[in-house]
Amino acid sequence: MNYDRAELLDRLAAEYVFGTMSARVRRRFQVIQRTLPAAKHAVEAWERRLTPLARSVPPAAPSAAAWDAIDRRTGGQPSRSAAPAFAWLAWLKPVLGVAVGVVATLGLVRLYPSAVVNVDAIVQQRGTLPESYVGLLTDGANNPVVLASSTRHGRTMSIKILRKVDVPPGKVLQLWALPKEGAAFPLGVVPSEGKGAFQLADTSEKLLSSVPRLAISVEDAAAGRGAAPAPYLLSGNCVKLW
């Protein structure tokens, strides 16, 4: 394999940081990092790139099931109950500090295939991850519920629902942008489960460059420009991945 290719090292570094490599490949890439400075620099670049997303997720104490999983993997004896189905979601809060997301990040695409912006195709064409805006919205218990993402100069917002949201009949889930200054403004309507997408009124760069947070409210109908939001059901940081 030709490790002198910058685009190849970038993809391998992304998979290494996101933790999607197999154990054998990961060990081999660790050796490569020790012998090839360019590989080490590519990994460091990905770690710096993902730091803002890690900061966007509130800290959460590991559950008893998480500690049991650590005990099992390290050869210890679990002293707590076994992990229930989907207990791995407890890991998602800190791990989505490795997330794309959005949105579009390669790591989230691997966790949720075809969930967000189809960055795999773009990576194959360009050799690098596209610059994107990514929002991770959580509920009152800090559980990740909605992943929203859009490429920097794109006009499409991609949505992945990580946990189904109960919506009263006749109501819609409205996604809002919360700018640093000024009133919140609507972006579009999101589904209550599965995945979806909607067209933005302008490019993500123009709409989200000064938006540090996103939120979702339950509304009677899609909100128009200038409308005031109902109380927020979900909220979270909006970060730039570049």
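Evaluate the relative contact order of the range 132-241 (contact order divided by residue number), counting alpha-carbon pairs under 8 angstrom at least 6 apart; express in whole percent. Don't jump to the answer; show the numbers that get you there.
Working: 275 pairs, mean separation 35.6, N = 110.
Rounded, it is 32 percent for the range 132-241.
Sorted by packing (mean other beta-carbon atoms within 10 Å per residue), highest first, where do 196-204, 172-180 land? Walk me through the numbers before you get to the answer.
Values: 196-204: 15.1, 172-180: 19.3.
The peptides rank, most packed first, as 172-180, 196-204.
Run the reach check for Lys164 against lysines, Cα to Cα strictly under 21 Å, same-chain hits fewer than 8 apart removed. What comes back?
Counting by Cα, and skipping residues close in sequence, Lys164 has these lysines nearby: Lys93, Lys195.
On the protein heavy atoms, probe 1.4 angstrom, tell me the percent of accessible surface of the range 132-241 carried by carbon and sulfur. Intermediate values should be presented prior to the final figure.
Working: 2430 of 4890 Å².
Carbon plus sulfur share of accessible area: 50 percent.
Is there a pair in Lys160/Lys206; Lys40/Lys180; Lys160/Lys240 whose C-alpha atoms are over 24 Å apart, and which pairs would that be? Walk me through the numbers before you get to the answer.
Working: Lys160/Lys206 22 Å; Lys40/Lys180 36 Å; Lys160/Lys240 18 Å.
Pairs exceeding the cut-off: Lys40/Lys180.
Based on the Cα atoms of the range 142-242, what semi-axes does the equivalent ellipsoid have, where each is the square root of 5 times one gyration tensor eigenvalue, given in whole Å with the largest first?
Numbers: eigenvalues 77, 49, 33 Å².
Computed over the range 142-242, the values are 20, 16, 13 Å.
With every protein chain present, what is the per residue accessible area of the range 140-216 (1.4 Å probe, Å²)? Intermediate results must be reported in sequence, preceding the final value.
Numbers: 3470 Å² over 77 residues.
Counting only protein heavy atoms, the per-residue value for the range 140-216 is 45 Å².
At 7 Å along Cα-to-Cβ for each site, give me the label-to-label distance between Arg5 and Ala222 in nm.
4.2 nm
Taking each pair of different alpha-carbon atoms in the range 3-55 once, compute 1/r for the pair, average those values, and report the inverse of that mean as the Kirkwood hydrodynamic radius in Å to one decimal. Walk me through the intermediate numbers first.
Values: mean 1/r = 0.0899 Å⁻¹.
11.1 Å is the Kirkwood radius here.
The values are calculated or read from the model by the stated rules, or taken from the named source; none is laboratory data. Predicted model, so just to flag it, every value in this text is computed and none were measured. Note: ideal-geometry Cβ built from the backbone for every residue, glycine included; neighbour counts use all protein chains shown. For the accessible areas, the whole protein counts, side chains as well, though only heavy atoms, and no ligand, DNA or RNA atoms are used. Shrake-Rupley method; radii C 1.70, N 1.55, O 1.52, S 1.80 Å.
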